[in-house]
Amino acid sequence: MTKPNNFAVLKPTPSSASLQYDPMTVSRFLGTMSPWTLFAIFAVLLIWPTIASAQSGEAVRPFNALWRWMPFLITKGFLFNVLISFLCLVIGTGAGVVLGLGQISQRRFIRAVSWLITQLFRNSPWLVILFIVMLALPYEMTIFGEVYYYPAWIKAVLGLSLPVMANISEIVRGAIRSVPNTQWEASEALAFTRNQTLWRIILPQCFKRMIPPWMNWYAILTMATPLVSILGVDDVVNLTRQAIVAENNRPELLMPFFGFVLILFFAYCYPIARLTLRLERKFAVKL
Amino acid sequence: MLDLFTEFFREMAENHPRWNFIFFYQGVQAEKIWLGLKYTIFLSVTCLFFSVVIGVVGAWLQGSNMRLLRSFVQGYIQLFRNTPPFVQLLFFYFALGQLTPTYSPDGWLEVPIISSVGWAIISLSFFAGAFNIEIFRAGIEAVPDTTIEASEALGLTRLQTYIYVVLPLGFRVSLPALNNNLVNLIKTTTQAFAISVPELLYQSVRIWNDYPSAQYPAMLLLFVVYVGLVGIMVFGMNRWEQKLRIPGYGN
Amino acid sequence: MTTSAPWTPDQPIVSLRDVYKSFGSLEVLKGINIDIMKGEVICIIGPSGSGKSTLIRCINALNDIQKGSIKVEGQEVHTDKLNKLELRKKIGMVFQQYNLFPHKTALQNVMMAPLLVLKEDKASTEKRARELLAKVRLADKEDAYPGELSGGQQQRVAIARSLAMQPDIMLFDEVTAALDPETVKEVLLTIKELAAEGMTCILVTHEMGFAREVADHIYFTDRGVIVEHGAPETFFDNAQDERTKLFLSQIL
């Protein structure tokens, strides 16, 4: 944020930076919680339905079922979500960096187009983007006369990559903007070209600064992956539903099974959040 | 005028089979879109309201002296921030939904007392509320101790200091982040689709399932409406921010 | 400990007896004794970290003390029975960082406490607030927000804000330390006028020239104790203690 006036209206807190556009807040708060909370939540989620169904004397059965399905849900379901998130991250980051650099291009046209794409995908709901990509793209691709069919989840990856791309683009633009103008001027005075300045002077300075928000977006992305289940991709949520159906749709299974999915995501995102927080603190001091 | 409008799109559908803006000339479909839009706005506004209430109350509870209470609030925040809102929706609707009592309006049907719209409101409000708590708390903490001290030295009570000094200042600090979170909330309302809340996305999907030729137009409409809604929200919040801006402070 | 006979103006208006204060294991005040008569102006000087600010913050109970007694108009400050509100009506305080309320105009800043604390009616409060702003030569700035004022102007609003509570005693905590050199003068002038009108003033300051000119009595503190005190002339020209001499030689 901007430097306050000469009176102490507001503390120069790091939080003021987070209150700007980057949603680092997610990781910041996730990372502040103590590990015991995880166990507490575990306990609540598991004990609650137990008590609820204890009256019918069938307290143990849902958990036996969950126990049987657990390996399947993790390896075939959750790891698939993780795979999707990784692919989206790679694609989204690559495209996002290009788009972000486009936003600070010297050509007005490139700047305008990059800005428009960024804003469009940043401000549309993930699910809408996902729907559009899933339905608008064809199911096959023709390369040199050969027709290739590819599975729906590939399209889902593309669909989730687009909002990630737009947000990475903003991170890149913001980080470059955060380097003081004097750095550009100093480089210019030393007769560096614009490209040299950007790649040798500016980007190395803001690279570290981009890592925490980038990881933060990875956590958000991971939490968006179950949306693909709406479009028929067999991720952890769909497999969970199928598992419940396979267990004769018994209503007492719903809570432990969906609770388990919540816990899986929590267990995965929490360490990321903590690491993000730590890196953010570490890099904040150095810059 | 209206005839001209509908006629234009009717003709367009005939000449360009993939661009059938059916909801612009067929009353039934227009009705669906209109209903969806109303649900989306209703859901957004209601969740907005409750999430802000949760935020204010939660931020206040976090300042409590009781450790247990603080841990409880902290646990709530972490649980809801760290899990997908989509799975939260499913958990609320399917898992908790089966525990809620039902009533029977006609003696035959068993209707749960909380509808899918109700669960969407509860779930999304708690989701956005978890973020709001931290946003408000950060704002309150940004008010310097020295300013609070000055207020106390003037003889204001703690409550007076809170109402007249801490809140007005803290709220201004919170606004940009609040703005972000509320935009995010509007976007997240689409996920209520999964529990059959008849909002805009749900209605659009219904339309293009019935009329595949209307797929692109409906998608375009979705884009325009959501970017528009978000735009209105951002515009309104920015105006408010401008209005609350303290002259001479900041840039 | 017990409430003695009511305070009369011939007794010290503020009286510190053997005051000890520590933050955790850090001892900040180690047995401070000061008596201040009504209408007196005293300056507390000393190296930074010597406990000067803590000392005056204890007088209006912004800090508590571990041992000793502080009496304001005969009332013990550091007891559980203290009515902080009554105490703070008697004592005004001005801070180094002004600490104005940034979301209120100058006039609103001055009016806030009388309205909320003294529950005075708006018309008379506004009238008095205008007079006070005029008194600190800021009549034309009443609708300005703190952010639109210079440091010196803000500090004068802060003085007016304290005076609006019609206190008997004013505390000034390094009020010029954060100011630009050119605005220091206007603030000091305001304080000087206040002192001339007979306000009891307790100042922590680094402005030696000002202290010499305005003070009735100077206290020099170092490492939590009062090393030396006296009338300005004897203190500045004829310091006895080595530490005082060293300090004065460095600062003058």
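The values are calculated or read from the model by the stated rules, or taken from the named source; none is laboratory data. Since we're looking at a predicted model, the values are computed, not measured. Quick reminder, even Gly has a Cβ in these numbers, built from the backbone with ideal geometry, and neighbours come from all protein chains shown.
Quick notes on this structure:
- Residue check for A:L198: in contact with a Leu (Cβ under 9 Å, 6 or more places away or on another chain) and assigned to a helix (DSSP H, G or I): yes
- Screening B:I114, B:I122 for residues that are more than 10 Å from every other protein chain (Cβ to nearest Cβ) and closer than 23 Å to A:C269 by Cβ leaves exactly one candidate, B:I122.
- When A:S114, A:S85, A:S124 are checked against the criterion of being among the hydroxyl-bearing types (S, T, Y), away from chain B (no Cβ under 14 Å) and touching a helix residue (DSSP H, G or I) at 6+ places or on another chain (Cβ under 9 Å), A:S114 stands alone in meeting it.
- The range C:70-178 holds helices (runs of 4 or more DSSP H) entirely within its bounds, and those carrying 3 or more residues that are surrounded by fewer than 21 Cβ atoms within 10 Å (Cβ to Cβ) map to C:84-90, C:106-116, C:122-135.
- The residue list B:F193, B:F223 contains one member that is at the interface with chain A (Cβ under 7 Å from one of its Cβ atoms) and under 21 Å from B:F94 (Cα atoms), which is B:F193.
- Selection from the range B:25-41 of residues that are in a helix (DSSP H, G or I) and either free of Cβ contacts under 8 Å to residues at least 40 places away in the same chain or of a type in the set (G, A, S) (or both): B:G27, B:V28, B:A30, B:E31, B:W34, B:G36, B:K38
- Residue in the range A:165-178 that is more than 27 Å from A:W115 (Cβ to Cβ) and out of contact with any Asp or Glu (no Cβ under 7 Å at 6 or more places or on another chain) present: no
Residues are listed down the side, and each one gets a yes or a no for (1) touching a residue at least 24 places away in the same chain (Cβ under 8 Å); (2) buried (at least 18 other Cβ atoms within 10 Å of the Cβ); (3) within 21 Å of B:L61 (Cα to Cα):
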{"position": "B:E134", "(1), (2), (3)": "yes, yes, yes"}
{"position": "B:T157", "(1), (2), (3)": "no, no, yes"}
{"position": "B:V173", "(1), (2), (3)": "yes, yes, yes"}
{"position": "B:K187", "(1), (2), (3)": "yes, yes, no"}
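- The combined condition, being within 14 Å of chain C (Cβ to nearest Cβ) and surrounded by fewer than 24 Cβ atoms within 10 Å (Cβ to Cβ), is not fulfilled by B:A138.
- Checking B:Q242, B:Q215 one by one, the residue that is away from chain C (no Cβ under 14 Å), under 28 Å from B:A120 (Cα atoms) and at pLDDT below 90 is B:Q215 and no other.
- Applying the criterion of being modelled with pLDDT under 90 and touching a Ser or Thr at 6+ places or on another chain (Cβ under 9 Å) to the residues of the range C:1-27, the residue that is surrounded by the most Cβ atoms within 10 Å (Cβ to Cβ) is C:F23.
- Qualifying residue in the range A:182-190 (condition: within 23 Å of B:A214 (Cβ to Cβ) and assigned to a helix (DSSP H, G or I)): no
- Being within 12 Å of another protein chain (Cβ to nearest Cβ) and farther than 27 Å from C:I42 by Cβ is a property that holds for C:Y145.
- Of all the criteria given as (1) buried (at least 18 other Cβ atoms within 10 Å of the Cβ); (2) farther than 30 Å from C:M111 by Cα; (3) not aliphatic (A, V, I, L, M), the one not satisfied by B:G236 is (1).
- Residues of the range B:62-93 satisfying the condition of being of a type in the set (S, T, N, Q), out of contact with any Lys or Arg (no Cβ under 8 Å at 6 or more places or on another chain) and surrounded by 11 or more Cβ atoms within 10 Å (Cβ to Cβ): B:S71, B:Q74, B:Q78, B:N82, B:T83, B:Q88
- Selection of first residues in the range C:186-207 that are within 24 Å of C:L248 (Cα to Cα) and of second residues that are buried (at least 22 other Cβ atoms within 10 Å of the Cβ) and among the basic types (K, R), restricted to Cβ pairs under 7 Å at least 6 apart or on distinct chains, gives the following pairs, ordered by first then second residue: C:V187/C:R156; C:V204/C:K52.
- Residue satisfying all of: in the range B:1-23; touching a residue at least 24 places away in the same chain (Cβ under 8 Å) and in a helix (DSSP H, G or I); surrounded by the most Cβ atoms within 10 Å (Cβ to Cβ) among these: B:F23
- Only a single criterion out of (1) free of Cβ contacts under 8 Å to residues at least 12 places away in the same chain; (2) surrounded by 12 or more Cβ atoms within 10 Å (Cβ to Cβ) is not satisfied by B:L96, namely (1).
- Residues in the range B:162-184 include none that are more than 14 Å from chain C (Cβ to nearest Cβ) and outside any helix (DSSP H, G or I).
- Index of the failed condition, B:T100 passing every other in (1) at pLDDT 80 or above; (2) within 25 Å of B:A192 (Cβ to Cβ): (1)
- With respect to being closer than 27 Å to A:V228 by Cβ, away from every other protein chain (no Cβ under 14 Å) and either part of a helix (DSSP H, G or I) or in contact (Cβ under 8 Å) with a residue 60 or more places away in the chain (or both), A:M134 falls outside the description.
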